[in-house]
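Student: Take a look at the following structure, please.
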Amino acid sequence: MSRVGMMPVPLPEGVEVTIDRNEVTVKGPNGTLNREFHPDMEIVREDAVLKVRRPTDQRRHRELHGLTRSLLNNMVIGVTEGYEKKLEIQGVGYRVELMNDGSLDLQLGFSHPLRISPPEGIEFDVQPRKKIITVKGASKEVVGRVAAEIRAWRPPEPYQGKGVRYLGEHVPRKAGKAGKIGAGTY
């Protein structure tokens, strides 16, 4: 039995769920999310909860059972509370600025500034003094992808620690070159 798959997904007040075979639409205060699930999984609404049922006990169905339930739960949480990821910029001369149209203007040591526009449903927030970027949205998947794309422009490097990292991320540091200590002692 899938422990995750057997748990019901509670539906808070103000959340509307539309189930059309294997396509589920969840509408709430933070927006609307739509996802198509595997046709073998049966999604049923009972009172104020969603339940996922699997047809057999085969390995593939057991895997899909927990996955489907987790994705449904993430959709419900996304339209009610939302998700956010925070990124931190470290480095001399590295800056971030939020433009009037909602896009980011990043100075990451390249010869030109980077302009990153938010995809639909994503919002940026910036604390320029602390060089912290917050990526907010209803879809956990899209928030994580956008944060990873921003980080990929200049991942933290292990020698000086410069770059874009998740807030609180530990970057293991390496010692630099040993220099000429011990050279010629052979």
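Student: Considering the stretch 93-122 alone, what residues qualify as being surrounded by fewer than 16 Cβ atoms within 10 Å (Cβ to Cβ), within 27 Å of Gly161 (Cα to Cα) and not hydrophobic (A, V, I, L, M, F, W, C)?
Tutor: Gly93, Arg95, Glu97, Ser103, Asp105, Gln107, Gly109, Ser111, His112, Pro113, Arg115, Ser117
Student: Scan the stretch 160-183 residue by residue and report those that are within 22 Å of Gly109 (Cβ to Cβ) and either surrounded by 11 or more Cβ atoms within 10 Å (Cβ to Cβ) or of a type in the set (A, V, I, L, M) (or both).
Tutor: Hits for the stretch 160-183 are Gln160, Gly161, Lys162, Gly163, Val164, Arg165, Tyr166, Leu167, Glu169, Val171, Arg173.
Student: Next question. Look at the stretch 113-155 and say how many of its residues are over 19 Å from Gly78 (Cα atoms) and outside any loop (DSSP other than H, G, I, E, B).
Tutor: To start, the set of residues in the stretch 113-155 that are over 19 Å from Gly78 (Cα atoms) comprises 113-117, 126-133, 149-155.
Going one step further and asking which of them are outside any loop (DSSP other than H, G, I, E, B), we end up with 114-116, 126-127, 132-133, 149-153.
Within the stretch 113-155, residues that are over 19 Å from Gly78 (Cα atoms) and outside any loop (DSSP other than H, G, I, E, B) number 12.
Student: Search the stretch 16-30 for residues being at pLDDT 90 or above and surrounded by fewer than 18 Cβ atoms within 10 Å (Cβ to Cβ), and hand back the single one that is nearest to Arg59 (Cα to Cα).
Tutor: Checked the stretch 16-30; the qualifying residue nearest to Arg59 (Cα to Cα) is Glu23.
Student: So Gln90 passes all but one of these: (1) under 30 Å from Leu50 (Cβ atoms); (2) in contact with a strand residue (DSSP E or B) (Cβ under 7 Å, 6 or more places away or on another chain); (3) surrounded by fewer than 19 Cβ atoms within 10 Å (Cβ to Cβ). Which condition number does it fail?
Tutor: Failed condition: (1).
Student: Go through (1) under 30 Å from Leu72 (Cα atoms); (2) modelled with pLDDT under 90 and name the single condition Gly161 misses.
Tutor: It fails just one condition, (1).
Student: Return yes when Glu97 is out of contact with any Cys (no Cβ under 8 Å at 6 or more places or on another chain), at pLDDT below 95, assigned to a strand (DSSP E or B) and outside the structural domain of Leu33 (by TED's automatic domain parsing) and no when it is not.
Tutor: Yes; evaluated as a whole, the condition is true for this residue.
Student: Take residues that are under 28 Å from Glu123 (Cα atoms) and not hydrophobic (A, V, I, L, M, F, W, C) and tell me which of the strands (runs of 3 or more DSSP E) falling wholly in the stretch 9-54 contain 1 or more.
Tutor: Details: elements: 16-20, 23-28, 31-36, 42-46, 49-53.
Those strands (runs of 3 or more DSSP E) span 16-20, 23-28, 31-36.
Student: Does any residue of the stretch 113-126 turn out to be touching a Phe, Trp or Tyr at 6+ places or on another chain (Cβ under 9 Å), aliphatic (A, V, I, L, M) and farther than 29 Å from Gly5 by Cβ?
Tutor: Yes, because at least one residue in the stretch 113-126 is touching a Phe, Trp or Tyr at 6+ places or on another chain (Cβ under 9 Å), aliphatic (A, V, I, L, M) and farther than 29 Å from Gly5 by Cβ.
Student: Any idea how many residues of the stretch 40-66 are surrounded by fewer than 18 Cβ atoms within 10 Å (Cβ to Cβ) and under 23 Å from Glu16 (Cβ atoms)?
Tutor: Of the residues in the stretch 40-66, 9 are surrounded by fewer than 18 Cβ atoms within 10 Å (Cβ to Cβ) and under 23 Å from Glu16 (Cβ atoms).
Student: What residue, of Val79, Val52, is touching a Gly at 6+ places or on another chain (Cβ under 9 Å) and over 30 Å from Leu167 (Cα atoms)?
Tutor: After applying the criteria, what remains is Val52.
Student: Here's another thing I want to ask about it. Considering only residues that are in contact with a Leu (Cβ under 8 Å, 6 or more places away or on another chain) and within 20 Å of Val142 (Cβ to Cβ), which ones fall in the stretch 28-45?
Tutor: Answer for the stretch 28-45, where residues must be in contact with a Leu (Cβ under 8 Å, 6 or more places away or on another chain) and within 20 Å of Val142 (Cβ to Cβ): Arg35, Phe37.
The values are calculated or read from the model by the stated rules, or taken from the named source; none is laboratory data. Just so it is clear, the structure is predicted and the values come from calculations on it, not from any experiment. Using ideal geometry, Cβ is built from the backbone for each residue, glycine included, and neighbour counts are taken over all protein chains shown.
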